[in-house]
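Below is one structure, written out as structure tokens; the observations come after it.
The values are calculated or read from the model by the stated rules, or taken from the named source; none is laboratory data. Not measured: the values here are computed from a predicted model. Heads up, the Cβs are rebuilt from the backbone with ideal geometry, glycines too, and the neighbour counts pull from every protein chain shown.
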Ligand SMILES: Nc1ncnc2c1ncn2[C@@H]1O[C@H](COP(=O)(O)OP(=O)(O)OP(=O)(O)O)[C@@H](O)[C@H]1O
Ligand SMILES: [Mg+2]
């Protein structure tokens with residue numbers, strides 16, 4: 001059984017079918033990519049999987065258990081965590097506190113940010129802090145633990161986002177364009193990092209426009225265009241798919 005089964009999932013906004021009856025599997029231990037031109041429905045698909053959007057149709061299951069219709073925090077509790085296309089950190093909290101928020105719960109709000117500093121969490125804090133510090137070390141940002149997230153460079157903020165998502169010990173990690181805004185050196189480090197995350201037993205589903213990164217790290221690729229799945233397979237296979245080539249060449253013309 002696949003870790004994640006996506007079956008005929010769909011979501012419209014008004015008359016626009018942002019995700020149109022998409023099906024695919026993500027197997028445990030894989031790095032699987034979702035690619036496609038701007039507006040193809042990739043982020044919408046992630047929002048459907050993570051529970052921040054409800055599907056109009058279709059089903060999602062994690063280890064055979066239906067997850068469509070669950071709230072984001074419930075999906076998170078079942079082990080699905082994410083990073084965002086637009087980094088979402090609590091700017092006025094330290095790096096360490098941002099990561100502690102992730103341990104508390106994947107999805108985070110201003111309210112939760114406040115709670116980290118209050119009673120309930122404090123009892124377990126020592127142990128939690130140690131795990132968070134380990135993650136910061138893993139991501140190479142240990143020196144920044146006490147700095148406010150707002151004061152970090154962009155690439156470091158991305159690393160904090162990774163640490164926060166990993167802090168909840170996900171089984172499935174959704175990464176939405178993690179290489180966006182990174183330079184070549186940072187992107188190469190990201191490729192290593194994603195492989196290391198997979199090697200720690202976390203299954204990865206990644207949306208990314210950086211084709212060389214995707215071709216390097218993915219076991220399998222799903223291609224979306226105008227909300228529909230137009231291809232799926234191994235990187236080399238997808239790269240040679242006439243429909244995929246047509247869609248990407250069309251994008252270049254535009
Ligand atoms: N909340 C929303 N309300 C209305 N339309 C939306 C909403 N979210 C997404 N869309 C539309 O759905 C389509 C798919 O958007 P989505 O953000 O999923 O694309 P994407 O593949 O992630 O694109 P990109 O590569 O630019 O991030 C787009 O046409 C977008 O304008
Ligand atoms: Mg997107």
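Beta carbons closer than 8 Å, at least 6 apart along the sequence or on distinct chains, pair a first residue in the stretch 35-56 that is assigned by TED's automatic domain parsing to the domain that holds residue 239 and in contact (Cβ under 8 Å) with a residue 12 or more places away in the chain with a second that is within 8 Å of ligand 1 (Cβ to nearest atom) and assigned to a helix (DSSP H, G or I) for 35/42; 36/42; 53/44; 53/47. Do we find that residue 34 is over 15 Å from the mean Cα position of the chain (by Cα), more than 7 Å from ligand 1 (Cβ to nearest atom) and assigned to a strand (DSSP E or B) in this structure? When the stated conditions are applied, residue 34 does not pass them.
Of all residues in the stretch 10-27, exactly one satisfies the criterion of being closer than 20 Å to residue 76 by Cα and buried (at least 23 other Cβ atoms within 10 Å of the Cβ), namely 26.
Considering each residue of the stretch 186-194 in turn, none proves to be within 16 Å of ligand 2 (Cβ to nearest atom), assigned by TED's automatic domain parsing to the domain that holds residue 41 and surrounded by fewer than 17 Cβ atoms within 10 Å (Cβ to Cβ).
Could you list all residues from the stretch 202-214 that are away from ligand 1 (no atom under 16 Å from the Cβ) and at pLDDT 95 or above? I'd like the intermediate steps shown before the answer.
Quick first cut of the stretch 202-214, residues away from ligand 1 (no atom under 16 Å from the Cβ) only: 202-204, 212.
Listed by number, the residues that qualify are 202, 203, 204.
Taking the conditions exactly as written (crowded, with 16+ Cβ neighbours inside 10 Å, assigned to a helix (DSSP H, G or I), at pLDDT below 85 and in contact with a helix residue (DSSP H, G or I) (Cβ under 8 Å, 6 or more places away or on another chain)), does residue 75 satisfy them or not? Considered against the rule, which asks whether it is crowded, with 16+ Cβ neighbours inside 10 Å, assigned to a helix (DSSP H, G or I), at pLDDT below 85 and in contact with a helix residue (DSSP H, G or I) (Cβ under 8 Å, 6 or more places away or on another chain), residue 75 comes out as no. The residues of the stretch 195-235 that are over 23 Å from residue 19 (Cα atoms), over 17 Å from the mean Cα position of the chain (by Cα) and either touching a residue at least 12 places away in the same chain (Cβ under 8 Å) or not assigned by TED's automatic domain parsing to the domain that holds residue 31 (or both), listed by number, are 215, 216.
Here residue 38 clears all of (1) in contact with a strand residue (DSSP E or B) (Cβ under 8 Å, 6 or more places away or on another chain); (2) under 25 Å from residue 234 (Cβ atoms); (3) within 16 Å of ligand 2 (Cβ to nearest atom) except the condition numbered (1).
The single condition from (1) away from ligand 2 (no atom under 16 Å from the Cβ); (2) surrounded by 15 or more Cβ atoms within 10 Å (Cβ to Cβ); (3) within 27 Å of residue 156 (Cα to Cα) that residue 67 fails is (3). Residue count for the stretch 155-177 under the criterion of being in contact (Cβ under 8 Å) with a residue 40 or more places away in the chain and under 16 Å from residue 85 (Cβ atoms): the result is 12. Within the stretch 5-16, residues that are under 17 Å from residue 49 (Cβ atoms) and in contact (Cβ under 8 Å) with a residue 24 or more places away in the chain have Cβ atoms under 7 Å from residues that are within 10 Å of ligand 1 (Cβ to nearest atom) and in a loop (DSSP other than H, G, I, E, B) in these pairs: 11/53, counting only partners at least 6 apart in sequence or on another chain.
Scan the stretch 15-22 and give yes if some residue there is at pLDDT below 95 and within 12 Å of ligand 1 (Cβ to nearest atom), otherwise no. Spell out the reasoning first.
Of the stretch 15-22, the ones at pLDDT below 95 are 15.
Okay, now just the ones that are also within 12 Å of ligand 1 (Cβ to nearest atom), so 15.
Checking the stretch 15-22: at least one residue is at pLDDT below 95 and within 12 Å of ligand 1 (Cβ to nearest atom).
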